[in-house]
Amino acid sequence: MRAVFFALVVLAPALAQAESKTLPSLKNDVFEGRVINRGVPRPQALSISRKLYLNDCKAGAGCVVTKTSFRNDSSLTNRSSIPNLSNGQTTTLQGYTWGDDHWNQVVDCVRETFAPFDIEIVTDAPTGNHHEVMVAGTAEELAYSDAGGVAPFIDCGATADNMLVFVFANQTNDVKYLCGAIAHEAGHAWGLSHSLDADDPMTYLDLGSSKRWQNFDAQCGEESPRQCECDDVGGTNSSSKENSFKYLRTQFGMISTLADTTIELDRPSEGQFVRSSFPISARYESPLELNSGSIATDGQTFLQIPEENLLFAWASPELPAGPHTLTISVVDEGDRTAMKTVNVNVLASCAGGAACASGTVCFEELCQPLTDGAGGLGSTCTNNFDCISGACASDGAQSLCSGSCEAGSSCPDGFECLSSNLCWPEAGGGCSATGGDGSMLLLLALGGLA
């Protein structure tokens, strides 16, 4: 990683800094009466609501929940098999206590977490079918202790609408924890198991950090590997791994308004003359994180882009003189591919007195083009990357590609070595110049040099 920066831009809202570091465990998730029907194929798509209601229970005197038997849970009637009560008994979850601004931060985070999928996050009570997370109260109010959230679990191969799950928000004001817990419990209601991927919402690991659905075949488990509740979750063809992103994509689909993933090569530019090894700079823009990528010259991959890195310094391999193609390809978390290709021209060497072709001049042991705009000595420039030498200089009136020299030597015909030890077109010859002794000649921002 040697040359210039690759900037990865992921569109995401800023989240509040966690104020509470004492986080409740999610390890008391409840799956009462769960039936493991291994070998039963999962449906290709859920014929259920795509609406997820986040209920802060602030309307009235809180949320009244009625105990019911397993498989009779319903967000339409606030009936749940979760409370440790007798069937028909009721209990009340007290409303969200952290204020409207805090609530809005949590909701924004949840929307961003589910943003790739055709799932609508709402905060006003729906009139029809919907899934619901009650984000309020404490575990004790459902007759549990030491639980951050609870959810029923549907049978393998089953579909269930109007699921009701709980996140006990009044136990912590940590925004990232609450956001992850909401996604976690909703994931259970839709058929996902626990994951050992610490970046995935279905994990118990590193609670309170940002979580996003991962397009990765992750091992199921809490602290150590185990079998998943169901087989082949997210197309893993495994009983011990699940892919939460692919599973939700299969069940709900990707949202049609999701912005495209793009990759742009800033450097080198199309047709640019370059050294045998040259710096590469690119921009990845997407609402989804980078999953993988590669860079190739003339169809041969020389670098695999690691997904965990957000900033890179790259250089091409050594290439022979002549034309070459450079291609960068990326795949986002939604398996969407973007690609960009540019053509470059590697300069011939004039080391050891080798002759240069017509229209080029030997400088810094390279046959540099004299065509304006090609990056050779005396070519107009706006920054150092425009120049083969990596040095764009200005006399205050114009900016030209230059290079270092020793007074009285080192500059090719048509150029002179000024007192600033930079080559500059001779007055009245070569490229146009302003005249004078070049005492005011300055290099442009050196920060762009590799």
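Every read-out reported here was derived from the displayed coordinates using simple, explicitly stated rules and does not represent laboratory data. If you're wondering where the values come from, they're calculated on a predicted model, not measured in any experiment. Positions of Cβ are generated from backbone atoms using ideal geometry, with glycine treated the same way; all protein chains shown enter the neighbour counts.
Numbers for the structure displayed
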quantity: For a label point 7 Å along the Cα-to-beta-carbon line of SER277, residues of the range 312-337 with backbone N under 19 Å; calculated: 312-322, 324-327
quantity: At R0 = 51 Å, FRET efficiency that the Cβ-Cβ distance of THR371 and ASP335 yields, to 0.05; calculated: 0.75
quantity: Förster radius 30 Å - calculated FRET efficiency between THR97 and ALA198 (Cβ-Cβ, nearest 0.05); calculated: 0.55
quantity: Separation in nanometres of the label points that stand 7 Å from Cα toward Cβ, at ALA397 and ASP298; calculated: 4.5
quantity: Whole-angstrom Cα spans of the range 99-232 along principal axes, big to small; calculated: 39, 34, 33
quantity: Inter-site label distance for MET254 and GLU120 at 7 Å from Cα along Cβ, in nm; calculated: 2.2
quantity: Entries of LYS67/LYS211; LYS58/LYS211; LYS51/LYS246 with Cα pairs more than 21 Å apart; calculated: LYS67/LYS211; LYS58/LYS211
quantity: Cβ-based net charge around GLY403, under 12 Å, with every Lys or Arg adding one and every Asp or Glu removing one; calculated: -3
quantity: Taking the C-alpha atoms of the range 262-346, convex hull volume expressed per residue in Å³; calculated: 77
quantity: Inter-label distance for GLU270 and LEU76, nm, one decimal - labels placed 7 Å from Cα along Cα-to-Cβ; calculated: 5.8
quantity: DSSP-loop GluC sites (Glu not before Pro) across the range 356-429, with at most 16 other Cβ within 10 angstrom; calculated: GLU365, GLU406, GLU426
quantity: Highest to lowest packing among 240-250, 266-276, scored as the average C-beta count within 10 Å; calculated: 240-250, 266-276
quantity: Other-chain or far-sequence residues with amide H under 5 Å of PHE273's (modelled H); calculated: ASN345
quantity: Cleavage-rule hits, GluC sites (Glu not before Pro), the range 286-359, DSSP coil, Cβ neighbours within 10 Å at most 15; calculated: GLU308, GLU318
quantity: Cβ-derived FRET efficiency at R0 30 Å, THR382 paired with ALA427, nearest 0.05; calculated: 0.80
